[in-house]
Amino acid sequence: MDQLMENKNLLGINSIGRIGKLMLWNQIIEKHFDGAVINIGRAVGKKLEDIIHTIETDSTYGSIYPFLYGQNKKGLSIKIIDYEKSIISLDGFLIKFLTKERNPLNINWKKENVRIVVDCTGQFVDPTQSADSGNGSLRGHLEGGAEKVILSAPFKIKDKSLKMPTDSLMMVYGINHLDFNPDVHHILSAASCTTTCLSHMMNPLLEHNQTSKILTASMSTIHAATNTQSVLDSTPKASTGDLRKNRSVFNNIILSTTGAAKALEYVIPEIQNIGFMADSVRIPTNTVSLIILNLTFNAGLDGKNAPVINRKLINNIYKQAAEGAQKGLLHYTEIQNTSVDFIGFKAAAIIEGYETHTRTGFLPLKADILKQYGIEGAKDINLPVTHVKIFGWYDNEFGSYVHSLTKLLVYVDKKI
């Protein structure tokens, strides 16, 4: 163990991609940890300064310095502490880079004084795989000495006959993070950026008496581009099922899929009782996405034959949640916004109340049909059904996802 890093609370980050780098940025702001050990798993450029350049700059958020500290803080710079061991310091936050091992099993986190690892590779997502499985697995981090590993993506179990292991848990901070048991759960998932936003949109409705009984739901995420897409058109690999993913992200609106609704069932189990559809539309922007949430309620009418569920009720539910139980995670606004207004905005979900819409229609149920279901003495009725459309913004990189992931990480660290 390096003496510089000894007796310090250090975070392990596996990969320095989009989420890994922004996780590092957020740790420098929060300073809950004394430093970070970042496993890159390969050489970067020709020298240590090339790694520094990578973490200093960002095409979405700009230079690290004004983004983290604003324009007024002068003289802040990255200092090289130990060139041979790749240790640097930024504003007193120690950072060490590892460039040798890609397989988590071969990363000696215990030697590096790391208890918690955030795996941001997107490669190891199956919690059922053993530590020595193939090219690596999440359990390899535990074998390497980490006490907990947090995946910055949803779990995906390859063998559908297997169930979620008892030591694994998918969480969204502010929704189900209290389910974490440090004695039981060692492999954690922070779900996805879309699931994080969606769960904070659904939770206030499920907790309110008048909106808790949802008949059906669907969502579309108008999603910014990610590194899984092609910069220019490319030839699909063997067995590729969706040819659209190989089309240029610069030039297309691309229909895609999302596992957000399925992941939501782990985070909010009540969702299993709701018919929920989800899809994704990829667009050529670099960050900030938008969930369009559609819900159907058998809501009923008040004493004046007006719909019980209306625009005012929905917006008030979100206002109260944003000021109360989900404060700091859910934001409510009635300003007319566009996506760039929320680059770096720290909230899991931002409800744009200006665009909330509700409509109530009537489903005619004839007496003879009701009698077929054993309802004797039934009369013809018109059943009121209310449809609701809600818009929720989220910065799918730093502001929503990394911010929420950091809150979850800090919570886990304090519990162990």
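Would you point out the residue of the range 132-159, among those that are under 16 Å from the mean Cα position of the chain (by Cα) and over 18 Å from Trp109 (Cβ atoms), that is surrounded by the fewest Cβ atoms within 10 Å (Cβ to Cβ)? For the range 132-159, the residue satisfying everything is Lys156.
You will find that of Tyr332, Tyr411, Tyr401, the residue that is surrounded by fewer than 18 Cβ atoms within 10 Å (Cβ to Cβ) and aromatic (Phe, Trp, Tyr) is Tyr411 and no other. Consider the range 352-380 and keep the residues that are surrounded by 11 or more Cβ atoms within 10 Å (Cβ to Cβ) and touching a helix residue (DSSP H, G or I) at 6+ places or on another chain (Cβ under 8 Å). The one that is farthest from His223 (Cα to Cα) is Ala378.
Please pick out the residue among Gly136, Gly145 that is assigned to a loop (DSSP other than H, G, I, E, B), touching a Pro at 6+ places or on another chain (Cβ under 7 Å) and at positive phi.
Only one candidate passes the filter, namely Gly136.
Among the residues of the range 162-187, count how many are in contact with a helix residue (DSSP H, G or I) (Cβ under 7 Å, 6 or more places away or on another chain), within 30 Å of Ile351 (Cα to Cα) and of a type outside the set (Val, Ile, Thr). Qualifying residue count, the range 162-187: 8. Pairs are defined by a Cβ separation below 6 Å, a sequence spacing of at least 6 or placement on different chains, a first member in the range 344-370 that is of a type in the set (D, E, K, R), and a second member that is surrounded by fewer than 17 Cβ atoms within 10 Å (Cβ to Cβ); the pairs so defined are Lys366/Asp380. Just one of the listed residues (Ala278, Ala349, Ala325, Ala321) is among the small types (Gly, Ala, Ser) and farther than 21 Å from Met219 by Cβ, and it is Ala325.
Only one of the numbered conditions (1) farther than 30 Å from Asn310 by Cα; (2) out of contact with any Cys (no Cβ under 6 Å at 6 or more places or on another chain) is not met by Cys197, and that is (1).
Check whether at least one residue in the range 335-352 is over 26 Å from Ala225 (Cβ atoms), of a type in the set (Phe, Trp, Tyr) and not in a loop (DSSP other than H, G, I, E, B), and report yes or no.
Initially, the range 335-352 is screened for residues over 26 Å from Ala225 (Cβ atoms), giving none.
Within the range 335-352, not a single residue is over 26 Å from Ala225 (Cβ atoms), of a type in the set (Phe, Trp, Tyr) and not in a loop (DSSP other than H, G, I, E, B).
Against the criterion of being under 20 Å from the mean Cα position of the chain (by Cα), among the aliphatic types (A, V, I, L, M) and in a loop (DSSP other than H, G, I, E, B), Ala325 qualifies. The criterion of at least 2 residues that are polar (S, T, N, Q) and surrounded by fewer than 18 Cβ atoms within 10 Å (Cβ to Cβ) is met by the following strands (runs of 3 or more DSSP E) wholly inside the range 160-279: 214-224. All told, Gly361 meets the bar of being over 14 Å from the mean Cα position of the chain (by Cα), part of a strand (DSSP E or B) and not assigned by TED's automatic domain parsing to the domain that holds Asp119. How many residues does the range 97-115 hold that are surrounded by 23 or more Cβ atoms within 10 Å (Cβ to Cβ) and either among the basic types (Lys, Arg) or closer than 13 Å to Leu11 by Cα (or both)? Residues that pass the stated criteria total 2.
Condition first: in contact (Cβ under 8 Å) with a residue 12 or more places away in the chain and in contact with a Cys (Cβ under 9 Å, 6 or more places away or on another chain). Can you find one or more residues in the range 226-244 that meet it? Full working, then the answer.
So in the range 226-244, the residues in contact (Cβ under 8 Å) with a residue 12 or more places away in the chain come out as 226-234, 242, 244.
Restricting the remaining residues to those that are in contact with a Cys (Cβ under 9 Å, 6 or more places away or on another chain) gives none.
No.
The values are calculated or read from the model by the stated rules, or taken from the named source; none is laboratory data. None of these values were measured; they are calculated from a predicted model. Glycine gets a Cβ as well: all are built from the backbone with ideal geometry, and neighbour counts include every protein chain shown.
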